[in-house]
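The values are calculated or read from the model by the stated rules, or taken from the named source; none is laboratory data. Just so it is clear, the structure is predicted and the values come from calculations on it, not from any experiment. Neighbour counts are summed over all protein chains in view; Cβ atoms, including those assigned to glycine, are modelled from backbone coordinates with ideal geometry. Areas reflect the complete protein model, heavy atoms only, side chains present, ligands, DNA and RNA absent. Shrake-Rupley method; radii C 1.70, N 1.55, O 1.52, S 1.80 Å.
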Amino acid sequence: MLEYVDTHAHLDMAEFDADRSEMLKRACDNGVKTIITTGIDIPSSQKAIDLAAANSGIYAAVGIHPQECTGVTEADFARLDILSITDKVVAIGECGLDYYRDYSPRHTQLETFYHHLDLADKSGLPLIIHCRQAEEDVLKILADWSAQSPAGEGKGVIHCFSGSAETALKYINMGFYIGLGGYIGYPSSKKYRADFAAIPLEHIVLETDCPFLPPQPYRGERNEPAYVPQTASTLAEIKNLQIEEIASATTANARRLFRLDK
Ligand SMILES: [Zn+2]
């Protein structure tokens, strides 16, 4: 069976409380045997770690989401530092900037984002970046940061990427991967499909962002990791490749980026 990695899920969320173990079994049955569950604040980062500890194949990312950083304290940052060195934590995030509706003040978002960059340096872990209507700032900040941090690939992923192919190449040249989710199959995503046709496969990883952003056949419902193959199938069409090639490349990319084989 083809094997996939869901590089961005929120398995701790209440949407999964009623059927979390069945949902994980469905993922496994569909070949999605490895999932990175991503924190959005301190409590959800802790829950991500607990889920990783209890389930083989689940790994955790710890971070404070830009929409969740209002009122963040030094104590929160200190707690995050401690969480980052816990077993099965493979990434820092999700973190970044979100200027859509400005849920949190921009200066707080920036301070929080910079803390995550420092933590990535300290821990040596890749970043999971959220960028919404903030591309200019994120590009500039990551360009400055990646120029100073040790050279090489595997600095992180731009999750739920919705920029141009040209922007994707800028991130790739800095050492980042490009995260693709179920939104690629939406009728409104025609432009993204053209962009992803031009983004090199060896720098793409698959994700769900579940419970959010279900693929087209499940719109209006809850998303879950079992739907990753849908996204792979759409990407196969876009790139005119066999789904086997998409599965093996994106799985190898995810394992390399998040050092899952170490
Ligand atoms: Zn997310």
(Q) Tally up the residues in the range 83-108 that are β-branched (V, I, T) and out of contact with any strand residue (DSSP E or B) (no Cβ under 7 Å at 6 or more places or on another chain), please. (A) 3
Q: Kindly indicate whether any position in the range 111-119 is within 18 Å of H8 (Cα to Cα), more than 16 Å from the ligand (Cβ to nearest atom) and not basic (K, R).
A: no
Q | Subset of the range 179-215 (residues that are open to solvent by less than 30 Å² (accessible area, probe 1.4 Å) and of a type in the set (F, W, Y)) | A | Y183, Y186, F196
Q | Sole residue being open to solvent by less than 60 Å² (accessible area, probe 1.4 Å), closer than 25 Å to L117 by Cβ, in contact with a Lys or Arg (Cβ under 6 Å, 6 or more places away or on another chain) and not charged (D, E, K, R), chosen from F161, F176, F258 | A | F176
Q: For R101, state whether it is in contact with a helix residue (DSSP H, G or I) (Cβ under 6 Å, 6 or more places away or on another chain) and of a type in the set (K, R).
A: no
Q: Starting from the range 178-199, take each residue that is without any contact (Cβ under 8 Å) to a residue 12 or more places away in the chain and list its partners that are in a helix (DSSP H, G or I), counting only C-beta distances under 6 angstrom and pairs at least six apart or across chains.
A: S189/Y183
Q | Subset of the range 181-230 [out of contact with any Phe, Trp or Tyr (no Cβ under 9 Å at 6 or more places or on another chain), of a type in the set (S, T, Y) and within 16 Å of the ligand (Cβ to nearest atom)] | A | none
Q. Does G154 satisfy being in contact (Cβ under 8 Å) with a residue 60 or more places away in the chain, away from the ligand (no atom under 16 Å from the Cβ) and in contact with a Pro (Cβ under 9 Å, 6 or more places away or on another chain)?
A. yes
Q: Kindly indicate whether any position in the range 72-82 is within 15 Å of the ligand (Cβ to nearest atom) and either in contact with a strand residue (DSSP E or B) (Cβ under 6 Å, 6 or more places away or on another chain) or not hydrophobic (A, V, I, L, M, F, W, C) (or both).
A: no
Q.
Give all pairs with beta carbons closer than 7 Å in which a residue from the range 209-228 that is free of Cβ contacts under 8 Å to residues at least 12 places away in the same chain meets a residue that is within 14 Å of the ligand (Cβ to nearest atom); count only pairs at least 6 apart in sequence or on separate chains.
A. E221/P214
**Q.** Hits in the range 124-134 (condition: open to solvent by less than 30 Å² (accessible area, probe 1.4 Å) and not in a loop (DSSP other than H, G, I, E, B))
**A.** L127, I128, I129, H130
